[in-house]
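Report on the structure given below.
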Amino acid sequence: MSLKSYVTSRVLLTIPMVFLLLTLVFVIIRVMPGDPALLHFERHVSPEVLAEFRRRLGLDLPIWQQYINYIAGLFRGDFGISMQDYSPIIQHLHARFPATLELSIYSGLFAVVFGVILGVISARKYDTTTDHSIRLLAIVTYAIPVFFLGMIFQIIFSVWLRILPSGLRFDPHYTPPPTITGLYTIDSLLTGNIWAFGISIRYLLLPSVTLGIILLGIFIRLTRTNMLETQQSDFVMSAKARGLSSFSITYRYSLKNAFLPILTMIGIQVAILLAGAVLTETTFSWPGLGTYLVDRIYHRDYTAIQGTVVFFAIMVAVVTLAVDILYAYFDPRIRL
Amino acid sequence: MIEVKNLVKYFPVQKGFMDALFTREKDFVKAVDDVSFKIEKGEIFGLAGESGSGKTTVGRLCVRLTPATSGEIIFEGQDITKIKGKQLRLLKRRLQITFQDPTSSLNPRMTIGNAIADALRLQNIGTRTEQRKQTEDALERVGLSPASAFYDRYPHQLSGGQRQRVIFARAFILRPAFVVTDEPVAMVDVSIRAQILNLMRDLQKELDLTYLYITHDLATARHICDRIGIMYLGKFFEIADSRAIYENALHPYTVGLMSAIPVPDPKAEKSEAIPTGEIPSPINPPPGCRFHPRCPRAFERCPKEEPELLLVEKNHWVACHLYSD
Amino acid sequence: MTNLLQIENLSVEYKTRRGIARAVDNVFLNLEENKTLGLAGESGCGKSTLGLSIMRLVPHPGRINEGKILFNLDESLIFEGGSVEKGQIDLMQLDDNQMRAIRGRKLAYIFQDPMTSLNPLIRIGDHFTEIIQAHEEDVKKDEAINRGEEILETLGILPERITDYPHQFSGGMRQRVMIGLGIALRPRLLIADEPTTALDVIVEAQILDELATLKKQFNLSMLLITHNLGVLAQTADDIAIMYTGRVMEIAKTESLFEDPKHPYTQCLLKAVPDVRKPDKTLAWIAGAPPDLIDPIPGCMFRPRCEFAMEICATQPPPLEKLDTGQRVACYLYTKGVSKK
């Protein structure tokens, strides 16, 4: 099978999967107990207001009609409208997504880079104190709750040392860089504004390190196990017997071959990363999709919750697809 | 005892989703491609060939471990390829198979006594005490004595040869009539191979068994088999009494196979030409005689026409155009 | 004849949870230039560990305890950050960089399983580039590939297949690639550990033939490690028989098969089937080798030996040279020992 036909078939297989996800989100929101409209208002409103409310949101239609509208809307990029002010949800997603993306990129990078480095060190120093300490670190970071770690960091760096801000994305006294990509670090560099870049990094540091540390453990353990496994493999033995340097064995053999499972794990971790992002954003008042989602949950804004969750689901599906394609590209055995 | 008629086993080749969507044609690994043979009661029938010859698949088909694509396997008067449900479970008592690697065939966390008694439990035979008694008898019978000393041991506490004995005890405790043994001595050290082979012979006499002995090692097969069939790419090339295979091999492939076996005698004459190349893929076997691209004696008829397995001497079947007329 | 390789008093131990296992115990061996020494024995006898010790690649938790591995280096090697002088050197005294310069260049090793011995993510050509550039830093990639193609052609593989990945090759071809990588830098000594065990008998015969041709063509000396005495009968000049980490007998191939001295060798030969002698009755050796973690005093073969005497339980018998030329570690041949 060629790479091209693998990619095509993988893309085609993603379509029913996404479809299933969308349906699932729709169903879960509908089977939750209570009438969304009543729950939204919390206190008594007149039947006329309620009827008008239902009509504008399309909640007065039969379920199957709602479903068709929902799916058809998604195809047009329409994620529905908010119960709060009837504003299109896509506007909110569009405004908030860059913040979440920026946080995810930096924390993901942190986790992968440090996870792989520590994993490699741990494997090379197998069964020494260094190895044991790194493994302990991996277990601790994996077990620790995000908000707890976030609060500890806030206390240390913002309250005691007063060197880093305890929340938000940018200093409220200054204007953030103009939107090009929506990522402050990139936009500030693109406009040559080093000052703004410095500020955005300062604000990014705590949340991305917090979320990064949570994901770190998995990458350490995965790298370590796979490195050890390839190090004991026959082909590494025979590479040693051919007199290859230990550097080239570590990087061209062990790490390259351990990279494939790490890549797969990155795909799986995206879901956990997004879930972690929700908690991290709340802890640090980070104005991303996570805080938006939590805020909408507080307001029992069912349409907005549905739209945001669908957006998350599509993100995960797309990244998983990308990872699978990359895997096929790197592993010659898949391209038969 | 067991008669195989036109047995066929094709495995579909895994293909991409797209290819499956847009092409009707499927590729198959033709693991067993229309073979027929008979094994007499009390006989040890050897099935020899290289990897990819289909010998293991034939063995698995004979004990219903894999369903056949087509063809019949007549055992005790009925075609076992069609049996289902409870009858199949009862049938499986009569048919047993042992695999090559005694270590991976045993659960490392189960004592060998339990591993053997498990076969009885699965078939709901006897009470707990009866099961224990029968298991100990089986251990004694395969030479692991005293049985009580072995019953509670774990596989890693045994040597390779002892583990192979456990495998036999487990296969024979259900009193089968027909046993397929897949390379029983391949993982066993040379110094105890003969001992295991003798054990197999003794068990055969005691329990009135019939064996299908699958092997790649023709040098050892002589010491246990009454008759030997040579397979290549899913086909039988030659079936004859053991003696005839060793002293009067007719098919050029059999001759090549024999000459390739290293002889433990430094003064032995260098063997004649060893066949060139390797066994081709069973997905698209060569047309005509499947061996013709590697055969030193191939002639114009070989690529065109597939030779039939014919009786050319007493009890000696060959599928080769050299002996066709 | 000069000795290319001379092993003196070599011992290797594995530290396991249950205790220490002496996998190679006080071994002495000589390998002459341009000869093939066969190293035979059953599973667990230490033959592979011995082979890996020569490369100094005994896997964790194994360790070479003592001994000398003297190797006759035909030219001085200079590499980035060091050098090795020519002449007789003790491999045990080299540092990691010196050892690495010798591995692959002067000593080549072929492993048993060709299916897992090549990196599945690296093309055959890159395997060649790697080994060549690891030892000859100034060789360009193109030149390395050209050399790889030439070697593949010698081994009967189409040179254009150098761009293939390992999984596109059959088992026999992969083992040919392994051999090709082994001889790429014209080493002096080729250690082959069960090179044909994973292969079918016809391919085995082909590869053994090719190894014999290459050995002549490149003036190689060979250490052939195998459990298959039939393979050694056809290829080896001398054979050493190992049991429980010790060398039991070393002899010329003909005399080993015609007149085996050690009781273990005798039993082993009686157990080996011979396709040319279908009527041979196969014998076996009752029992199993003793546990290496809990060794018995004296000769390790004693519990399975029909000639065992009192003295056999005292000290391990030394390997002694007989008048007929064989070296045997057995009290039956020690002068002045009463044979009761």
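For the reader, a short list of remarks on this structure follows.
- Legend: mean number of C-beta atoms from other chains within 10 angstrom of residue C-beta atoms, peptide B:298-309, equals 0.
- Per residue, the protein assembly as shown reaches -14000 deg cm²/dmol at 222 nm when only DSSP H runs of four or more residues are counted, each adding -39500 (n - 2.57).
- Helix B:160-172 and the longest principal axis of the Cα set of chain B meet at an angle near 80°.
- Each peptide in A:276-288, A:17-29, B:128-140 gets a packing score, the mean of other Cβ atoms within 10 Å over its residues, and the list from highest to lowest is A:276-288, B:128-140, A:17-29.
- By definition, a body whose alpha carbon gyration tensor gives a ≥ b ≥ c is prolate when a/c is 1.5 or more and a/b is larger than b/c, and the protein assembly as shown fits this prolate description.
- DSSP beta bridges in the range C:3-243 [antiparallel fraction, %, rounded to 5]: 55
- Along its first, second and third principal axes, ordered by size, chain C spans 70, 50, 44 Å in Cα coordinates.
- Take each residue of peptide C:165-173, count the partner chain Cβ atoms within 10 Å of its Cβ, and average: the result is 3.
- Between 0 and 90°, nearest 10: helix B:190-207 axis offset from chain B longest Cα axis: 70
- Using a Förster distance of 56 Å, the FRET efficiency for A:L24-C:S43 (Cβ separation, nearest 0.05): 0.55
- Helix A:47-57 and the long axis of chain A differ in direction by around 40°, with both axes built from C-alpha atoms.
- Cβ crowding within 10 Å averaged over residues, with C:37-46, C:247-256, B:71-80 ranked highest first: C:37-46, C:247-256, B:71-80
- Counting Cβ atoms of other protein chains within 10 Å of each Cβ in C:118-127 and taking the mean gives 5.
- Footprinting exposure proxy for B:L322, C:L189, A:L289 (fewest neighbouring C-beta atoms within 10 Å first): B:L322, C:L189, A:L289
- Relative contact order of the range C:3-243, taken over Cα pairs closer than 8 Å and 6 or more residues apart, is 27 percent.
- The stretch between A:Y298 and A:I139 holds 53.9 nm of extra length on full extension. This uses 0.36 nm per residue minus the Cα-Cα distance.
- Partners for B:K82 among aspartates and glutamates (Cα-Cα distance below 13 Å; same-chain residues under 8 apart left out): B:E72
- FRET efficiency for the pair B:D325 and C:L77, taken as 1/(1 + (r/R0)^6) with r the Cβ-Cβ distance and R0 = 45 Å, rounds to 0.10.
- Calculated on C-alpha atoms, the gyration radius of chain A divided by its Kirkwood radius gives an Rg/Rh of 1.04.
- Most to least packed among C:172-179, C:216-223 [average Cβ atoms within 10 Å]: C:172-179, C:216-223
- Annotation: lysines with alpha-carbon distance below 30 angstrom to C:K140 (same-chain offsets under eight excluded): A:K240, A:K256, C:K86, C:K106, C:K215, C:K216.
- A:Y86-A:T130 pseudo-label distance in nm [points 7 Å out on the Cα-to-Cβ vector]: 6.6
- Considering only B:K30, B:K235, B:K314, the Gaussian network model of chain B with Cα springs below 10 Å gives its largest mean-square fluctuation to B:K314.
- As a length-normalised measure over Cα pairs under 8 Å and 6 or more apart, the relative contact order of the range C:255-333 settles at 24 percent.
- Unit charges on C-beta of K, R, D, E only; dipole of the range A:89-298, Debye: 460
- Taking every alpha-carbon pair under 8 Å whose residues sit at least 6 apart, chain A reaches a relative contact order of 28 percent.
A short reminder: the numbers here are calculations on the coordinates, not readings from a lab. Owing to the predicted nature of the structure, the values given are computational and were not obtained by experimental measurement. Note that we place each Cβ from the backbone using ideal geometry, even for glycine, and neighbour counts take in every protein chain shown.
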